[in-house]
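K.L.:
Here you go, one structure.
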Amino acid sequence: MTSRELILGRLRAALGATPTTPEAVARSYRPAGGAVDLDVLVHRLTDYRATVHRCSDGEVAQVVDAVLGGRRVVVPPGLPRRWLPDSVEVLTDDNLPTAEIAAADGVVTAAAVAVAETGTVILDAGVDQGRRLVTLLPDVHICVLRTDQVVAGVPDALARLGPDRPLTWISGPSATSDIELNRVEGVHGPRHLHVVIVPA
Amino acid sequence: MSEIFLGMPATAPRGVGNLRGDEPFPVAARRSLADAQLRRNLGHATATIRAKSAAVIDEVPDWQELREAGRAIKTDVMARLPELLAQLEVAVTAAGGTVHWAADAVEANRIVTDLVRATGSDRVMKVKSMATQEIGLNEALEAAGIEAVETDLAELIVQLGRDKPSHILVPAIHRNRAEIREIFLREMPGVDPALTDEPAILAAAARRHLRRTFLSTRVAVSGANFAVAETGTLAVVESEGNGRMCLTLPDTLITVMGIEKLVPTWADLEVFLQLLPRASTGERMNPYTSMWTGVTPGDGPQEFHLVLLDNGRSAVLADEVGRQALHCIRCSACLNVCPVYERTGGHAYGSVYPGPIGAVLSPQLTGVEDNASLPYASSLCGACFDACPVMIDIPSILVHLRAQHTAAYRSDHRLPSAEAVTMAAAAYTMDHRPLYEAAQRAARASRFVGRRGGGLPPPLSGWTIGRDLPQPPPQTFREWWAQR
């Protein structure tokens, strides 16, 4: 007998010959489809120490210049080039060695979805967001978000996303509460998160 | 051997893992209670997190509806556990992962050790995981010559301090910043001797210390917060980014998961991703949540193993009252509100699962005889039930386990316990009016013997170790009534 058969047999025995029929799950919590309030998103992002910039698509390059001008920046292969100022040294991630990504000063990506209520930006590893490690190793992450990517709550976000891609939900910069349960920003992930919100 | 015998639900084996303490709770608790520094650290930390959690829960208008949905989804999971596990296995395998089944801690440790050996690596990096602490994986790997590096800040503090974890969420909750600074100065190679006890400085020291490990270790071991049966997706919630490092950078990822961590569908995550952060760290959302389904070509580990762990869970499932302990999502809200935990800390519980949930989960995983004192490590005040985001009725399970323990004592001993004799005598006395009145008069005589709170003489002294004996009144109600 394999352990698989053993465990499944134990569980069936534990439930008995006539397992109780599970009750229907009452989902009376707020469903997807709530109104999106961009101000809530900005408040929640700022509250968790992300820096928020609101500008036109044409002004993104200026923001990148102000934050990372003169530095080395990793970008995913599908990132719109118009977002990158001439002042940054661009490293396009076409399978760059890990050490090279770790040595970069910052990373610029797009996003897949953002959740206003929780101040969360979600990346789904699309071509303008890149492999998971590019947004992990550099110390500064600039994430460009379109307003039509913002949803009200967590149920809306899951409805827009799927299991076929790896997902990274980001709510503020890397942080810890392990020392006396006080939140401290800046452990292993990027210590600086900039969210640039542009009109759709 | 008959099939029925083999299929019997089994408790976690002895001699492996960290589910059993070395001494009963009252003995260990007495030592913790005498540690003033520990009590200060715990009091400060639990008060902080209670306030944070209450504030973000207040922001959500449908908290009770979310709790109710969480409870119902987990009830459904337990009722359909065999079929959902089989569904998960199919989905993970289809997405390029390999599923392993571990009946107990010994088997799980062997599976993980063999998988690490097969990679040729002699070091693994770990994301904080209750399941791997439960089975004693680090000790098993060490015995096999494999170094296990804990990467969660609190776990690192515990590991460097050669200490034991004392809280589900914040294993180093019993340490304050000054103590953490001392541990880092003593144990962290190459640390700046000018290190201060500022939390941000301490966190930066951990960042530098672990960076090389993250970039050079080829194998990682993680736990899982959720697994979606329908899609084979696994989720890990964390704060620091050490989880993302372990889930993204190595070639091989091994995830050890208790079989109860399932949710049926993708959409079910919407309930738990709202409940967990607010109940746990008191955040609207934790800084990082990673979700992955099998292997993604060109992104992250190209080899993924999922180890499904029983280790006593089938025995918990067999108890219709106690099985709701398997609904636990390890948020630790019940620890933070518990008046017992706040005073004794986690070490007193012996098991890796401390606090109210530990007091119901550990005895069920091991069999109540191996953790017999834990169901009594509670005042039954019910704060844990109110705080639980999936509405586990911990007080009812505690009472249920106490009854089990008493029944087991009765069947194992020819003579009844002193408590049982006393209770039987009290019941008889209360049933007979002349006896009861005589007993009241006798009790009044005790007013003149010894000081208040002095306790009962042996063999009844056990009752008054932790309880004040009430002062009998000068006049009983019956006497007062008779005079009117």
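The values are calculated or read from the model by the stated rules, or taken from the named source; none is laboratory data. Treat the numbers as computed from the prediction; the structure is a model and nothing was measured. Cβ coordinates were reconstructed from backbone atoms using ideal geometry, including for glycine residues, and neighbour counts include every protein chain displayed. Protein only, heavy atoms only, side chains kept; ligands, DNA and RNA dropped before computing areas. Shrake-Rupley method; radii C 1.70, N 1.55, O 1.52, S 1.80 Å.
K.L.:
Could you list, in sequence order, all residues of segment B:130-161 that are free of Cβ contacts under 8 Å to residues at least 40 places away in the same chain, closer than 18 Å to B:LEU202 by Cβ and charged (D, E, K, R)?
P.N.:
B:GLU150, B:GLU155
K.L.:
Let me spell it out: the conditions are (1) closer than 22 Å to B:THR231 by Cβ; (2) in contact with a Phe, Trp or Tyr (Cβ under 7 Å, 6 or more places away or on another chain); (3) at the interface with another protein chain (Cβ under 7 Å from one of its Cβ atoms), and B:ASP76 meets all of them except one. Which number is the exception?
P.N.:
The number of the failed condition is (2).
Residue-wise test of (1) among the basic types (Lys, Arg); (2) in contact with a helix residue (DSSP H, G or I) (Cβ under 7 Å, 6 or more places away or on another chain); (3) within 11 Å of chain A (Cβ to nearest Cβ).
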site	(1), (2), (3)
B:ALA140	no, yes, no
B:ASP163	no, no, no
B:VAL170	no, yes, yes
B:ILE173	no, yes, yes
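K.L.:
Just to be sure I understand, how many residues within segment B:83-98 are buried (at least 19 other Cβ atoms within 10 Å of the Cβ) and within 27 Å of B:PRO9 (Cα to Cα)?
P.N.:
Selection size over segment B:83-98: 6.
K.L.:
Got at least one residue in segment A:51-69 being out of contact with any helix residue (DSSP H, G or I) (no Cβ under 6 Å at 6 or more places or on another chain) and at positive phi?
P.N.:
The answer is no, given that none of the residues of segment A:51-69 is out of contact with any helix residue (DSSP H, G or I) (no Cβ under 6 Å at 6 or more places or on another chain) and at positive phi.
K.L.:
Continuing with this model, one more query. Suppose we filter segment A:1-33 for residues that are facing chain B (nearest Cβ under 7 Å) and either among the charged types (D, E, K, R) or closer than 30 Å to A:ALA152 by Cα (or both); how many remain?
P.N.:
10
K.L.:
Which one of the conditions (1) touching a Leu at 6+ places or on another chain (Cβ under 8 Å); (2) open to solvent by 20 Å² or more (accessible area, probe 1.4 Å); (3) under 14 Å from B:ASP268 (Cα atoms) does B:GLU65 fail to meet, given that it meets all the rest?
P.N.:
The one condition B:GLU65 does not meet is (1).
K.L.:
Something else: Within the group A:LEU167, A:LEU145, A:LEU161, A:LEU137, which residue is out of contact with any helix residue (DSSP H, G or I) (no Cβ under 6 Å at 6 or more places or on another chain), of a type outside the set (Ser, Thr, Tyr), more than 7 Å from chain B (Cβ to nearest Cβ) and open to solvent by less than 10 Å² (accessible area, probe 1.4 Å)?
P.N.:
Checking each option against the conditions leaves just A:LEU145.
K.L.:
Say we look at segment A:34-64 and pick out the residues that are surrounded by 14 or more Cβ atoms within 10 Å (Cβ to Cβ) and among the hydroxyl-bearing types (Ser, Thr, Tyr); which of these is nearest to the other protein chains (Cβ to nearest Cβ)?
P.N.:
Step by step, filter segment A:34-64, then rank; the result is A:TYR48.
K.L.:
Across segment B:372-400, what is the number of residues that are in a helix (DSSP H, G or I) and more than 25 Å from B:GLY282 (Cβ to Cβ)? Let's see the steps before the verdict.
P.N.:
Filtering segment B:372-400 down to residues in a helix (DSSP H, G or I) leaves B:374-376, B:383-387, B:394-400.
Narrowing the set further to residues that are more than 25 Å from B:GLY282 (Cβ to Cβ) leaves B:374-376, B:396-400.
Number satisfying all stated conditions: 8.
K.L.:
Another one. Taking only segment B:199-209 into account, find how many residues are of a type in the set (D, E, K, R) and more than 29 Å from the chain's Cα centre (by Cα). I'd like the intermediate steps shown before the answer.
P.N.:
Applying the first criterion (of a type in the set (D, E, K, R)) to segment B:199-209 yields B:207-208.
With the extra rule that they be more than 29 Å from the chain's Cα centre (by Cα), the set shrinks to B:208.
Total satisfying the criteria: 1.
K.L.:
Which ones in segment A:72-114 are open to solvent by 10 Å² or more (accessible area, probe 1.4 Å), of a type outside the set (A, V, I, L, M, F, W, C), away from every other protein chain (no Cβ under 12 Å) and under 23 Å from B:PHE214 (Cα atoms)?
P.N.:
Passing the criteria: A:ARG72, A:THR92, A:ASP105.
K.L.:
Hey, another quick one. Out of A:VAL154, A:VAL121, I need the residue that is aliphatic (A, V, I, L, M), buried (at least 19 other Cβ atoms within 10 Å of the Cβ), more than 8 Å from every other protein chain (Cβ to nearest Cβ) and out of contact with any Lys or Arg (no Cβ under 9 Å at 6 or more places or on another chain). Which one?
P.N.:
Details: A:VAL154 fails: more than 8 Å from every other protein chain (Cβ to nearest Cβ).
None of the others qualify; the one that does is A:VAL121.
K.L.:
State yes or no: is B:ALA359 surrounded by 24 or more Cβ atoms within 10 Å (Cβ to Cβ) and of a type outside the set (D, E, K, R)? Outline the logic, then answer.
P.N.:
On the way: surrounded by 24 or more Cβ atoms within 10 Å (Cβ to Cβ): yes; of a type outside the set (D, E, K, R): yes.
Judged against the criteria, B:ALA359 is a match.
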